[in-house]
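> Once you've had a glance at the structure underneath, I'll fire off some questions.
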Amino acid sequence: MGADALTSPASPAATGWTPDQPIVSIRDVRKSFGAVEVLKGVSFDVRKGEVICVIGPSGSGKSTLIRCVNALVGIDSGSITVAGREVNDPKLDKLALRRTVGMVFQQYNLFPHRTALQNVMMAPVQVLKQDKREVEARARALLAKVRLSGKEDAYPGELSGGQQQRVAIARSLAMRPEVMLFDEVTAALDPETVKEVLVTIRELAEEGMTCILVTHEMGFARSLADHIYFTDRGVIVEHGPPAEFFAAPKDERTRAFLGQIL
Amino acid sequence: MDALAEWFRTLYETTGVNLTIVYDAYDRQRFVSGLGMTIYLSTASVLISIVIGAVGAWAQGSPLRLLRGLVNGFVVVFRNTPPLVQIFFFYFGLSPLLPYVEDMDGMRAPLFSNVQWAIISLSLFAGAFNVEIFRSGIEAVPRSTIEAVESLGYGRLGVYLHVVLPLALRVCLPALNNNLVNLLKTTTLAYAIAVPETLYVSKQIWTDSQNVPTMMIVLLLVYVGLVGVLVWIMHRWERRLAIPGYGQGAAR
Ligand SMILES: Nc1ncnc2c1ncn2[C@@H]1O[C@H](COP(=O)(O)OP(=O)(O)O)[C@@H](O)[C@H]1O
Ligand SMILES: [Mg+2]
């Protein structure tokens, strides 16, 4: 089975979306928690196959922003469409949205009571009701793809952080998403294991997966991203292709942030 | 068998330990059926109370305020009142108000028998505690784990059944264990509505056979044994549920 068959979406979205339109379109999104406005009008587009990185200081709303994309967080105003589906619609089909958008978290969040293979198989079998044997073959191939052959029967507690994170990536891919969200997925890892996870993400991006990454790995962002967005206190301060962005940041806040982190 | 019976008769004559339940066929048959009734009451109410706990804890997390209120009311009522009062409430208070049905002989019979009322009220009694026990387990499941499951497309019920409940169960098993042991012992209260369980038949036996002290010791030993079996089953379950590299399973 080729890599394409493994990760490409099972069916085109039945929403009127066509590949010449942005697959994710975020328009003037606002979100408050209580009295605190965390997103103050954020807009950007992501085209199919693009890799974009969101960087910015802690607390600037990066996690909130990408969690809005798969409706883990509801937005107060503005609009987010994913493959033509309006996320801010009260009649939103959350299952359909979440089939389209995969998400990987900082804390891996695997099912601790299931083996690596079962973790990858569970959602396609239980949520999508796909054939168990077909899913198992796909899950084994996905684990091989993230270099975890031989760990199929290991429980998450028996795996290193980097291995768990790669299981989490395979688990998301098993749903055949069109867009992948990564929220600081290497932030909790040992320096040695960061690389193995970044390699996996790079391969995925190079195969054409649309990726939105929140990351502090600047080298990685610079070499992989098509576009960088820098957020601070709920707004996008500056954005651009990595070459320009890193070489000549225009805004004072961007310069201060990059000065600290590099 | 005869030799055995003879031995126990001799035991009585020489020591005063009068085990009619061994050498007297009638007492033996009564005692065994009492034991069977205790096992039946315990098994049924253990299983039903676990279901009540799991369903109740789920309903407590419902977005419907009315449903949450009902569950909380149920828990308060059944946790804060004596189980004997609950049994009397059902059997003497509620049962006469319910419609009667015709039994197999065409006679007017209550909707539920005393045995069924015992199971209902014991299950509700232990179920109320189980709701709280399951809830404490559910609270231990990290919010981030639930979000990960939601982002895989699971709905509220799917999240609960496939992830939250299995993880919560592992956390709350020791507390559940205690409550179920308590439930098994509480089945003796069914005595009060003439359910022929172990205590009830034992009283009949000691009244007829005048062997009160012997039967008292027998009763204690029987419950030590029954609870021992329950605890053994629960420990096996706990071992089966242990996850390598997680919680107590990590120590293996
Ligand atoms: N569920 C929530 N309830 C209340 N406040 C929240 C919640 N989630 C995030 N916040 C607040 O929103 C702000 C932005 O958080 P977050 O999006 O996690 O930032 P980042 O990922 O950039 O560090 C923070 O001040 C955080 O405390
Ligand atoms: Mg964050």
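The values are calculated or read from the model by the stated rules, or taken from the named source; none is laboratory data. These numbers were taken from a predicted model, which means no experiment stands behind them. So basically every Cβ, Gly included, is an ideal-geometry build from the backbone, and we count neighbours across all protein chains shown. Just so you know, the surface numbers come from the protein's heavy atoms only, side chains and all, with ligands and any DNA or RNA stripped out. Shrake-Rupley method; radii C 1.70, N 1.55, O 1.52, S 1.80 Å.
> For the structure I just gave you, tell me whether A:P90 is open to solvent by 50 Å² or more (accessible area, probe 1.4 Å), modelled with pLDDT under 95 and not aromatic (F, W, Y). Outline the logic, then answer.
Details: open to solvent by 50 Å² or more (accessible area, probe 1.4 Å): yes; modelled with pLDDT under 95: yes; not aromatic (F, W, Y): yes.
Yes: the conditions hold for A:P90.
> While we're on this one: Working carefully through the options B:F134, B:F90, B:F125, find the one that is open to solvent by less than 20 Å² (accessible area, probe 1.4 Å), touching a Phe, Trp or Tyr at 6+ places or on another chain (Cβ under 7 Å) and of a type in the set (F, W, Y). Give the derivation first.
On the way: B:F134 fails: touching a Phe, Trp or Tyr at 6+ places or on another chain (Cβ under 7 Å); B:F125 fails: open to solvent by less than 20 Å² (accessible area, probe 1.4 Å).
Residue meeting the stated conditions: B:F90.
> Determine if segment A:232-239 includes at least one residue that is basic (K, R) and within 18 Å of A:M103 (Cα to Cα). Before you say what the answer is, go through the steps one by one.
Looking only at segment A:232-239, we keep the residues that are basic (K, R), and these are A:233.
From what is left, the residues that are within 18 Å of A:M103 (Cα to Cα) are none.
No, because not a single residue in segment A:232-239 is basic (K, R) and within 18 Å of A:M103 (Cα to Cα).
> Checking A:R114 against (1) open to solvent by 30 Å² or more (accessible area, probe 1.4 Å); (2) within 16 Å of ligand 1 (Cβ to nearest atom), which single condition isn't satisfied?
All conditions are met except number (2).
> Restricting to segment B:76-129, give me the number of residues that are touching a helix residue (DSSP H, G or I) at 6+ places or on another chain (Cβ under 9 Å) and basic (K, R).
Selection size over segment B:76-129: 1.
> Check off (1) away from chain B (no Cβ under 11 Å); (2) under 17 Å from the mean Cα position of the chain (by Cα); (3) of a type outside the set (D, E, K, R) for A:S60 and give me the number that stays unchecked.
Every listed condition holds for A:S60 apart from (2).
> OK, next. Output the residues belonging to segment A:26-37 that are surrounded by fewer than 20 Cβ atoms within 10 Å (Cβ to Cβ) and within 21 Å of the chain's Cα centre (by Cα). Full working, then the answer.
Looking only at segment A:26-37, we keep the residues that are surrounded by fewer than 20 Cβ atoms within 10 Å (Cβ to Cβ), and these are A:27-28, A:30, A:32-37.
Residues satisfying the conditions are A:R27, A:D28, A:R30.
> If you check every pair at least six apart or on different chains, which have Cβ atoms under 6 Å apart with a residue in segment A:209-224 that is within 17 Å of A:P57 (Cα to Cα) and without any contact (Cβ under 8 Å) to a residue 40 or more places away in the chain first and a residue that is polar (S, T, N, Q) and within 16 Å of ligand 1 (Cβ to nearest atom) second?
none
> Follow-up question, since we're still on this one. For segment B:149-181, name all the residues that are of a type in the set (A, V, I, L, M, F, W, C) and under 26 Å from B:F125 (Cβ atoms).
B:L161, B:V164, B:L165, B:A168, B:L169, B:V171, B:C172, B:L173, B:A175, B:L176, B:L180, B:V181
> Look through A:Q130, A:Q118 and report the one residue that is more than 16 Å from ligand 2 (Cβ to nearest atom), free of Cβ contacts under 8 Å to residues at least 12 places away in the same chain and assigned to a loop (DSSP other than H, G, I, E, B).
On the way: A:Q118 fails: assigned to a loop (DSSP other than H, G, I, E, B).
Going through A:Q130, A:Q118 in turn, the sole match is A:Q130.
> Turning to a different aspect of this structure: Among (1) more than 12 Å from every other protein chain (Cβ to nearest Cβ); (2) not in a strand (DSSP E or B), which single condition is A:T81 missing?
The single condition A:T81 does not satisfy is (2).
> Can you tell me which residue is nearest to ligand 1 (Cβ to nearest atom) among those in segment A:175-223 that are in a strand (DSSP E or B) and either within 14 Å of chain B (Cβ to nearest Cβ) or open to solvent by 20 Å² or more (accessible area, probe 1.4 Å) (or both)?
Among those that are in a strand (DSSP E or B) and either within 14 Å of chain B (Cβ to nearest Cβ) or open to solvent by 20 Å² or more (accessible area, probe 1.4 Å) (or both), it is A:D183.
> Just the residues that are open to solvent by 10 Å² or more (accessible area, probe 1.4 Å), within 16 Å of ligand 1 (Cβ to nearest atom) and more than 19 Å from A:Q21 (Cβ to Cβ), please, taken from segment A:63-87.
Pass one, segment A:63-87, residues open to solvent by 10 Å² or more (accessible area, probe 1.4 Å): A:63-64, A:67, A:71-79, A:81, A:84-87.
Narrowing further to those that are within 16 Å of ligand 1 (Cβ to nearest atom): A:63-64, A:67, A:71-76, A:78.
Across segment A:63-87, the qualifying residues are A:S63, A:T64, A:R67, A:A71, A:L72, A:V73, A:G74, A:I75, A:D76.
> To continue, here is another question. Scan segment A:29-39 residue by residue and report those that are at pLDDT 95 or above and more than 10 Å from ligand 1 (Cβ to nearest atom).
Passing the criteria: A:V29, A:R30.
> Shifting gears a bit: Only one of A:K91, A:K48 is without any contact (Cβ under 8 Å) to a residue 40 or more places away in the chain and either more than 16 Å from ligand 1 (Cβ to nearest atom) or of a type in the set (S, T, Y) (or both). Can you tell me which? Full working, then the answer.
Values: A:K48 fails: without any contact (Cβ under 8 Å) to a residue 40 or more places away in the chain.
None of the other options fit; the residue is A:K91.
> Evaluate segment B:213-231: report whether one residue or more is open to solvent by less than 20 Å² (accessible area, probe 1.4 Å) and within 14 Å of another protein chain (Cβ to nearest Cβ).
No, because not a single residue in segment B:213-231 is open to solvent by less than 20 Å² (accessible area, probe 1.4 Å) and within 14 Å of another protein chain (Cβ to nearest Cβ).
> Quick check, is A:A154 modelled with pLDDT of 95 or more and part of a helix (DSSP H, G or I)?
On the way: modelled with pLDDT of 95 or more: yes; part of a helix (DSSP H, G or I): no.
For A:A154, the condition - modelled with pLDDT of 95 or more and part of a helix (DSSP H, G or I) - is not met.
> Only one residue in A:A141, A:A123 is open to solvent by 10 Å² or more (accessible area, probe 1.4 Å), among the small types (G, A, S) and modelled with pLDDT of 95 or more, so which one is that? Steps first, answer last, please.
Working: A:A123 fails: open to solvent by 10 Å² or more (accessible area, probe 1.4 Å).
Exactly one residue qualifies, and that residue is A:A141.
> Might you check whether a residue that is within 13 Å of chain B (Cβ to nearest Cβ), in contact with a Ser or Thr (Cβ under 9 Å, 6 or more places away or on another chain) and open to solvent by less than 10 Å² (accessible area, probe 1.4 Å) occurs anywhere in segment A:39-53?
Initially, segment A:39-53 is screened for residues within 13 Å of chain B (Cβ to nearest Cβ), giving none.
So far as segment A:39-53 goes, no, none of its residues is within 13 Å of chain B (Cβ to nearest Cβ), in contact with a Ser or Thr (Cβ under 9 Å, 6 or more places away or on another chain) and open to solvent by less than 10 Å² (accessible area, probe 1.4 Å).
> What is the one condition in (1) more than 14 Å from chain A (Cβ to nearest Cβ); (2) at pLDDT below 95 that B:G249 does not satisfy?
B:G249 satisfies all of (1) more than 14 Å from chain A (Cβ to nearest Cβ); (2) at pLDDT below 95 except (1).
> Can you pull out every residue in segment A:121-150 that is touching an Asp or Glu at 6+ places or on another chain (Cβ under 9 Å) and within 12 Å of chain B (Cβ to nearest Cβ)?
Correct list: A:M121, A:P124, A:V125.
> Report those helices (runs of 4 or more DSSP H) wholly inside segment B:117-211 carrying at least 1 residues which are within 14 Å of another protein chain (Cβ to nearest Cβ) and among the hydroxyl-bearing types (S, T, Y). Step through it out loud before you land on a result.
Working: elements: B:143-150, B:156-159, B:165-186, B:198-209.
Passing ranges, in order: B:143-150.
> I've got another one for you. Pull out all pairs, ordered by first then second residue, where Cβ-Cβ is under 7 Å, the residues are six or more apart or on different chains, the first lies in segment A:98-112 and is facing chain B (nearest Cβ under 7 Å), and the second is crowded, with 24+ Cβ neighbours inside 10 Å and in a strand (DSSP E or B).
A:M103/A:L181
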